[in-house]
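Enquirer: Structure provided below as structure tokens; questions to follow.
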Amino acid sequence: MQCGVGQLSGGCQKTMGLHCILILCLFSGWIVGYKQGDNVTLYVNKVGPYHNPQETYHYYTLPVCRPEKVHHKSLSLGEVLDGDRMAESLYLIRFRENVEKKTLCQLTLSEKQVDQLREAIEELYYFEFVLDDIPIWGFVGYIEESGFLPHSHKVGLWTHLDFNIEYNGNSVIFANVSVKDVKPVPLEEWVGAGVGGVGLGGGSLTVTHTYSVRWFDSPLPHARRAERLRDYSFFPKTLEIHWLSIINSLVLVVLLLGFVIIILMRVLKNDFARYNVEEESGCDDLDQGDNGWKIIHTDVFRFPPYKSLLCAVLGVGAQFLTLATGIIVMALLGMFNVHRHGAINSAAIVLYALTSCVSGYVSCSFYTQINGQHWVWNIILTSSLFSAPLFLTWSVVNSIHWWSGSTQALPATTVLLLLGAWVLVGFPLTVIGGIVGKNRAGSFQAPCRTRNISRQIPTQPWYKHTAVHMAIGGFLPFSAISVELYYIFATVWGREHYTLYGILLCVFAILLSVGACISVALTYFLLSGEDYRWWWRSVLSTGSTGLFIFVYSIFYYRNRSSMSGLVQSTEFFGYSLLTALVFSLMLGSVSFWASLAFIRYIYRSLKMD
């Protein structure tokens, strides 16, 4: 394997340093050049139920052809997190050399092994091979249900595979496997002795595995081979109406934002005119009805309870905002494609560790501004607000994967690597960011003085209660991303390849805009009722979007997927809870800062003593 330096830029070739080649190979992808007759290694990876994408097992857990000593491929962190466990196979494939029905091996299967294969086939097990970073999928066997009376149940094992490989020049473009015109070996309770390469005797079953290789010339250049894999249809395609759905959502959201902004600005304009005129005329008897927010100007900046927890939420929310933006920008720059297995996982781990300084800085800086005293505890709380739930969830999910023998269970070395990344990078950066934020924090900028004695809050109507505001503030941002959320779930929990990152960036911006506008509107309605407890209310109002996302995940699991079983269900709902938590923290942080900026603006615009 070698990086195609002939395709590098001219300037880089002139200064041809090793670091230049390594950087360009890393970001432009490895270009593997073969000569005719060179060995093209085929790795076996994993098998699993077709409807449970996250329930995967190593291919060699099945009674299949395997070398005497299994050699595993060195994998990246992202590949390990994605459940990949690649190992060398017995398939001998040479570049641009066709092979016709070559024997791979002959196996004598015990009754227990036949039952294992039959059970795997009945659960629609598929396998994944990898050839030159190209995944190859196929089913382990064949199952057929026919008739009612009499009922027949046929189970067959594919013992011959046809590999179809496309090439351009000296590089591999695409590969797949076919069983067309191949008869499966029947496994129905030891029926079919001596047929199709099968022999029976003494309670055992002898099976001969064969394969063929056919090479086809392709006009597609190596740089565009990801398009060929993206258009391949082993798994069902469901993203055809993507653009139309997003445009429809975008129009609705723009209308909603315009409505909120125009109405709110007109109301504020009337409030400013009335309050300022009353102030100039010396009238102290202000209307304390729906527009009584001026009356609470001595309480609206009264610091809330649970300061440390509030600041931790704001800090971690800012961290995930930075993380999400970084991932989307990297995707737009083309750093992730279908041939880079687990690249997004690796990038997310690295960015999470590096952006920990953001959470520490934001949290401790604001905590110092609102007169927080226990800044060390604040840093610890900030660092563990997401990492602790993540560790607990992962512990449960990983234990179940380990118990079931799934490849999704992380090896001990990977666990130590992730723990080391948090202990040596994530937590220290949180502490450093907190110290810098504490030292650079100024005073809290409040345009109004706060009285020592708080004002009594009048009884509020039912539509201004916290639960109602959470329902409104959570539903509207959720409705803005509900369409895109389906495609994200189909990618994460299915087998779709997400490529429209420009749309994702637009939807992300819409989500943040809707969250900020809805939070401002709900905060105004709260203050107009002379209720100054807006601090936590602003976080909870749009932060409740996470609850709607978790409810949607239940709907998706029951109505949009065919997932089942303890292994898949535990992972799905465990990580869906973490996803809901991330959205709650992120949107809660955005809505709080939007409400704080709005409140400072309206009270700064009033004429007060």
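The values are calculated or read from the model by the stated rules, or taken from the named source; none is laboratory data. Note that this is a predicted model, so its numbers are computed, not measured. All Cβ positions, even for glycine, are placed from backbone atoms using ideal geometry, and neighbour counts span all protein chains on display. For the accessible areas, the whole protein counts, side chains as well, though only heavy atoms, and no ligand, DNA or RNA atoms are used. Shrake-Rupley method; radii C 1.70, N 1.55, O 1.52, S 1.80 Å.
Enquirer: List, largest first, the extents of the alpha carbons of region 414-472 along their principal axes, each in whole Å.
Expert: Here the Cα extents, ordered largest to smallest, are 55, 33, 18 Å.
Enquirer: When the Cα atoms of region 477-591 are enclosed in a convex hull and the volume is divided per residue, what value in Å³ results?
Expert: Looking at region 477-591, the number lands at 98 Å³ per residue.
Enquirer: Computing the accessible area with a 1.4 Å probe over protein heavy atoms, can you report the carbon and sulfur percentage for region 306-444?
Expert: The computed percentage sits at 74.
Enquirer: Mind checking the alpha-carbon convex hull of region 306-444 and giving the volume per residue in Å³?
Expert: For region 306-444, the hull spanned by Cα atoms encloses 113 Å³ per residue.
Enquirer: Related question: State the extension gain, in nm to one decimal, for the chain segment bounded by residue 303 and residue 384, taking 0.36 nm per residue of separation less the distance between their alpha-carbons.
Expert: 26.8 nm
Enquirer: Estimate the FRET efficiency between residue 471 and residue 415 by the formula 1/(1 + (r/R0)^6), using the beta-carbon distance for r and 41 Å for R0, to the nearest 0.05.
Expert: According to the calculation, E is roughly 0.55.
Enquirer: For region 306-444, what is the accessible area per residue in Å², given a 1.4 Å probe and the full set of protein chains?
Expert: About 46 Å² of surface per residue is accessible.
Enquirer: While we're looking at this one, here's another question. Running Debye on region 50-167 with equal point scatterers at the Cα sites and no solvent, what base-10 log of I(q)/I(0) appears at q = 0.10, 0.11, 0.15, 0.20 Å⁻¹?
Expert: Log10 I(q)/I(0), no solvent term: -0.38, -0.46, -0.84, -1.38.
Enquirer: What percentage of the solvent-accessible surface of region 456-609, computed with a 1.4 Å probe over protein heavy atoms, is contributed by carbon and sulfur atoms?
Expert: Within region 456-609, the accessible surface is 68 percent carbon and sulfur.
Enquirer: With a 1.4 Å probe and all protein chains left in place, how much accessible area per residue does region 539-609 have, in Å²?
Expert: 40
Enquirer: Still on this structure, I have one more. If I stretch the segment between residue 115 and residue 178 completely, what's the gain in nm (0.36 nm per residue apart, minus their alpha carbon distance), one decimal?
Expert: 20.2 nm
Enquirer: What is the packing order of peptides 442-454, 552-564, taking the mean over residues of other C-beta atoms within 10 Å and listing the highest first?
Expert: 552-564, 442-454
Enquirer: Any idea how far apart residue 396 and residue 440 come out in nm if each label point goes 7 Å out from Cα toward Cβ?
Expert: 3.9
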